[in-house]
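Since the structure comes first, as structure tokens, the remarks are kept for the end.
The values are calculated or read from the model by the stated rules, or taken from the named source; none is laboratory data. Just so it is clear, the model here is predicted, and its values are computed rather than measured. With ideal geometry, Cβ positions are generated from the backbone for all residues, glycine too; neighbour counts draw on all protein chains shown. Just the protein is used for accessible areas: all its heavy atoms, side chains included, with ligands, DNA and RNA removed. Shrake-Rupley method; radii C 1.70, N 1.55, O 1.52, S 1.80 Å.
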Amino acid sequence: MAVDGYRYYPLSLGHHIRLLRLFPSEDQNEPIQCQLFDYSLQDLGKRTHPYEALSYVWGKPDQTLPIYVDGVQFPVTVNLHAALLRLRHQSIERILWADAICINQENKPEKEQQIQFMAKIYAQAKSVLVWLGEAADNSDRALDEIRVAGGKGSTNPSNSDMIQQAIIALLDRPWFRRIWVLQEVAAARHVSILCGSEEIDGYAFCLGVESLKYFYEDCRNLHNLIPSVTYLIRGAIFRPKYTTSQARVSLNIRPLSELIDMYYTHEATDHRDKVFALLGMSSDNDIAFSLSPDYETKWEQLFERLIKFLLYKDVFVETWYDRDIAVVKSKGCILGQVASVRNSNKQDAIITSTSVAWYLGDEVEWALSERAKPIQKGDIVCLLQGASKATIIRLCKDCFAIVVIAVTPLKEKESSKRLELSKSITHFPRDFLLFWDWEQLYGKSFAQGD
């Protein structure tokens, strides 16, 4: 298949990818020259492969600049062009992986296959290079301040207002909001953050951002967003090696239900990528084949399949082709009401639920991952018939909004004898009408009849 004149050669069978050889140039104005070649991701044990994987935001697809691949003009987005220009060395070639070039985006079967290798591609790279974009809004000063804060633990900048605005502008860049970048940094063995001419180690970046959180913690759009991303960057070096199965490669970070609850507010050009981008981080051993990357599947079908996988296969679900909203109808029972919420550490919260179900005791603690939408006192903990985990919902006019799709009792994580809710509860007297809104804050859109 050809992309604007460039003809891709077929990939070899097995775990083969294409790598990009970026040729050096002493002249910054010389056109970017590259070469694509076939490469086998054979298992090297604990060693990495000799390439760097690029993590970036594509940018506007209709705004492109030319590079040359194998001597043929090849259009790339302005942001990718800037990244390649920044990475090009004066005298040494560089071996990179960048999805927009290394995957034939016009070949759907190849794209679906390569997506299943993404965790492996980033996990086996010697480094993951995060490109935030070109310098702007005092980004150089912001990164300098973050670097210093990472070393000292705290700083006393002379012009704190200017520094605060620079840091907020840096953290508000599109890269932090994109869904695919989560897997890319979670898989990395080493991360470097690049913005303009500046570069900082990923772990040092996380330490600095944490030290300076007082600058952005009052920003509603950054308060939960930034910790959810830095958590993955900082934790990557401590995670065990990815695992493989016949169907997929996974980083085994968390169950898919928890990943969805944490990250579904992240952005994707294609709705389906909000699911596909998280599969490589899932620790579930039984990911349904119906959730595997397939761009022939319509969004509303995939969303329905996801909910049935997270809850149970026979639940009634209604979805729409152009909305990130679903309606769920099910029998169920109320387990309790949220009496308080407290943070036990940076990524888990504990909900103390005053139980209505006498067989669970007077009070039950529930372990919870950091979530995309905040839990409130008064939220209801319920169990839907057929589900293996409880769901947290909130009354919203004449129906309930799903706040957390799946939550686990704390004792289930700490005890060797797991509490199987679906087996211990057999009476489901209530009819629930639930909606799951990935688009807006609860109560603003669907519940008002939009």
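Worth a mention:
- The residue that is most open to solvent (accessible area, probe 1.4 Å), counting only those in the stretch 359-409 that are modelled with pLDDT of 85 or more and on the phi > 0 side of the Ramachandran plot, is Gly386.
- As for the stretch 220-241, it holds no residue that is open to solvent by less than 50 Å² (accessible area, probe 1.4 Å), part of a loop (DSSP other than H, G, I, E, B) and either modelled with pLDDT of 90 or more or under 30 Å from Ser290 (Cα atoms) (or both).
- Residues in the stretch 28-47 that are open to solvent by 50 Å² or more (accessible area, probe 1.4 Å) and either small (Gly, Ala, Ser) or within 12 Å of Ala123 (Cα to Cα) (or both) were compared, and the one that is modelled with the lowest pLDDT is Lys46.
- Filtering the stretch 339-353 to residues that are outside any loop (DSSP other than H, G, I, E, B), open to solvent by 20 Å² or more (accessible area, probe 1.4 Å) and either at pLDDT 90 or above or of a type in the set (Gly, Ala, Ser) (or both) leaves Ala339, Ser340.
- A residue that is more than 30 Å from Ser40 (Cβ to Cβ), of a type in the set (A, V, I, L, M) and open to solvent by 50 Å² or more (accessible area, probe 1.4 Å) cannot be found anywhere in the stretch 163-181.
- Restricting Val327, Val356 to those that are more than 23 Å from Asn221 (Cα to Cα), modelled with pLDDT under 90 and of a type outside the set (S, T, N, Q) reduces the list to Val356.
- In the stretch 117-135, the residues that are buried (at least 21 other Cβ atoms within 10 Å of the Cβ) and of a type in the set (A, V, I, L, M): Met118, Ala119, Ile121, Ala123, Ala125, Val128, Leu129, Val130, Leu132
- Every condition in (1) within 25 Å of Val229 (Cα to Cα); (2) at pLDDT 95 or above; (3) assigned to a loop (DSSP other than H, G, I, E, B) holds for Ser25 except the one numbered (1).
- Of the set (1) of a type in the set (Asp, Glu); (2) at pLDDT 90 or above; (3) assigned to a loop (DSSP other than H, G, I, E, B), all apply to Glu199 but (3).
- Members of the stretch 49-83 that are exposed (fewer than 14 other Cβ atoms within 10 Å of the Cβ) and under 23 Å from Val181 (Cα atoms): Pro50, Lys60, Pro61, Asp62, Gln63
- For Ala149, the stated conditions do not hold, so it cannot be described as among the small types (Gly, Ala, Ser) and in a loop (DSSP other than H, G, I, E, B).
- Cβ-Cβ under 9 Å pairs, at least 6 apart or on other chains, the stretch 63-86 side in contact (Cβ under 8 Å) with a residue 12 or more places away in the chain, far side of a type in the set (Lys, Arg) and surrounded by fewer than 16 Cβ atoms within 10 Å (Cβ to Cβ): Val72/Arg7; Thr77/Lys60; Val78/Lys60; Asn79/Lys60
- Any hit, the stretch 442-449, residues being at pLDDT 55 or above and either open to solvent by less than 10 Å² (accessible area, probe 1.4 Å) or in contact with a Gly (Cβ under 9 Å, 6 or more places away or on another chain) (or both): no
- Checking each residue in the stretch 300-338 for being of a type in the set (D, E, K, R), outside any loop (DSSP other than H, G, I, E, B) and open to solvent by 50 Å² or more (accessible area, probe 1.4 Å) picks out Glu304, Arg305, Lys308, Glu318, Lys329, Lys331.
- Selection count where residues are within 20 Å of the chain's Cα centre (by Cα) and without any contact (Cβ under 8 Å) to a residue 40 or more places away in the chain, scope the stretch 305-335: 1
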